[in-house]
Amino acid sequence: MASRSPSFDLSGKVALVTGGSRGLGRAMAGGFAAAGADVVIASRDGASCAECAEEIAGSTGRRALPYAVHVGHWDELDGLVDAVYREFGRVDVLVNNAGMSPVYDDVTDVTEALFDKVIDVNLKGAFRLMALVGSRMAAGEGGSIINISSVAATRPRPDVLPYAAAKAGLNALTVGFAHAFGPTVRCNAIMAGTFFTDVSKHWDMAAFEARAQRFALKRGGRPDEIVGAALYLASDASSYTTGAILSVDGGQP
Ligand SMILES: NC(=O)c1ccc[n+]([C@@H]2O[C@H](COP(=O)([O-])OP(=O)(O)OC[C@H]3O[C@@H](n4cnc5c(N)ncnc54)[C@H](OP(=O)(O)O)[C@@H]3O)[C@@H](O)[C@H]2O)c1
């Protein structure tokens, strides 16, 4: 058999990225569009989604649809999915990226409201979107689902325990949904390490730099450094990869 290079091309595909307006989501949406996909940028702030969509469409020539939605609100997600199928008629790649990781000083400071919000945004919304989009992918031409998890899922720090539990749940959903919608829909997770995004603006950078000396790469990641892994999982290059949890963390112990 003749050997061939794997294809990372996304021409003719549609990618829906939650939390696509900033940080890792914005980098992935831009990377998908540069690889040929039309993209949907979904987050709570419609104005920043619109600004991001305009920038991506202008720089890549692809179509980019902004959509304002709170992924923790179950009832808003049908509207998102309906709007995307109305506009494009398909979704080939779903990235459950929207997330938040509030820190606290003591576990007794965690209120029920905070706990519920962290679970709703990081886990519940991803579940509902996988159910809605995955079933439509399976009934159509198939697709690829990518969940953005965290190293906290397997190395939980005491100051983010509800978040760590939500991301561990997301890892479990990743394996389960690979079976629910296989063989035509693949479902994988990226277990992200420490990336410099808006979340890092409030960090004690000196303390972080000291901690990063224990990473194999001895530094945090830039948002564009998640794009290669996302493109791999989104495209035919990963045609035999499903139910996988891929670490992209610079060798974080
Ligand atoms: N950065 C890291 O070091 C790191 C490490 C491990 C895992 N991760 C994971 O990677 C993902 C992206 O993180 P990031 O660092 O890029 O975060 P970020 O810069 O804070 O961006 C978060 C994105 O999610 C959107 N978002 C937040 N809450 C939302 C909600 N309820 N509904 C809809 N959209 C919402 C935000 O837009 P709006 O504010 O407009 O809603 C924004 O587009 C998250 O799942 C995070 O847990 C990040």
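Please treat every number below as a calculation from the coordinates, not as lab data. The structure presented is a predicted model; accordingly, all values stated were derived computationally and were not measured. A quick note on method: Cβ atoms are made from the backbone with ideal geometry, for glycine too, and the neighbour counts reach across all protein chains shown.
Among the residues making up the range 230-248, a single one is under 17 Å from Ala37 (Cα atoms) and assigned to a loop (DSSP other than H, G, I, E, B): Ser235.
Which of the residues that make up the range 108-159 are more than 16 Å from the ligand (Cβ to nearest atom), of a type in the set (A, V, I, L, M, F, W, C) and surrounded by fewer than 22 Cβ atoms within 10 Å (Cβ to Cβ)? If the condition is that a residue be more than 16 Å from the ligand (Cβ to nearest atom), of a type in the set (A, V, I, L, M, F, W, C) and surrounded by fewer than 22 Cβ atoms within 10 Å (Cβ to Cβ), then Val110, Ala131, Ala138, Ala139 are the ones that fit.
Based on what the data block shows, is Asp204 within 12 Å of the ligand (Cβ to nearest atom) and acidic (Asp, Glu)? Answer is no for this residue. Within the range 17-47, the residues that satisfy the criterion of being away from the ligand (no atom under 13 Å from the Cβ), among the hydrophobic types (A, V, I, L, M, F, W, C) and assigned to a helix (DSSP H, G or I) are Phe32, Ala33, Ala34.
The set of residues from the range 201-217 being more than 21 Å from Gly23 (Cα to Cα) and not in a helix (DSSP H, G or I) comprises Gln213, Arg214, Phe215, Ala216. Taking the numbered list (1) out of contact with any strand residue (DSSP E or B) (no Cβ under 7 Å at 6 or more places or on another chain); (2) crowded, with 24+ Cβ neighbours inside 10 Å; (3) aliphatic (A, V, I, L, M) in turn, Ala34 passes all entries but (2). So which residues in the range 79-99 are out of contact with any Phe, Trp or Tyr (no Cβ under 7 Å at 6 or more places or on another chain), within 15 Å of the ligand (Cβ to nearest atom) and either part of a helix (DSSP H, G or I) or without any contact (Cβ under 8 Å) to a residue 60 or more places away in the chain (or both)? The answer is Gly79, Val81, Val84.
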